[in-house]
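The values are calculated or read from the model by the stated rules, or taken from the named source; none is laboratory data. These figures come from a predicted structure and were not determined experimentally. Counting neighbours? That spans all protein chains shown, and the Cβs are built from the backbone with ideal geometry, glycine included.
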Amino acid sequence: MSLWRRSSDRRGVATLEFAFAAGPFLVATFFTIALSLHLFKQEALDTALHVAVRQIQTGNAQNVTNGSTFVTNYLCPNLIGVIACGSVSVNIQKLTFSAGQDYYNFTTGGLPMSGGSLDMSSYASSKFCNSSPSQFILVTAVYTSPNILGSLLPNVFSVSYNGGQVDALMSQVAAVTENYSVQPPSGNTTPAPSC
């Protein structure tokens, strides 16, 4: 075989070029899909929480006595199918402002972390605190789900929780409740704990 013929034999070059280009392309595609799903879930949680907080603002949820009831009755009906209601935890705080404070002092925007791990102790259903008329409140919802990219990019899209990596989303809504009339609890329910 002549030297000219060996240098012009390009069989398999396209396969090799595809192999070099396909890997980064597939990683970028997978990353884009995971990021899009993350942002979609965040927007769904934000929208559902805004609608649910409106029920607190107007007094429609004034006899809710625990977080799981609030999630089931007011938040879940507004969530879409990609968010599992059982993985959403809610915390409601009554805000009392000192001189020079405003909502910004309370809305940290960060996940509740302790020792490098997600700390959901203040989101326990038994620590639920409903509001009264004409109160400033901050409602925070945290959603945890299995992480798609946790092993590839730890601590970027994931946090440590219960011994594993999870995708955690947080949504906060600050509001002022309206001056609604207080209704007595119906049936055998006890009044919601005060803040």
Which of the helices (runs of 4 or more DSSP H) found entirely inside the stretch 1-120 contain at least 2 residues meeting this: buried (at least 17 other Cβ atoms within 10 Å of the Cβ)?
13-57, 67-70
Would you check which residues across the stretch 168-195 are modelled with pLDDT under 85 and either of a type in the set (Asp, Glu) or in contact with a strand residue (DSSP E or B) (Cβ under 7 Å, 6 or more places away or on another chain) (or both) and list them?
CYS195
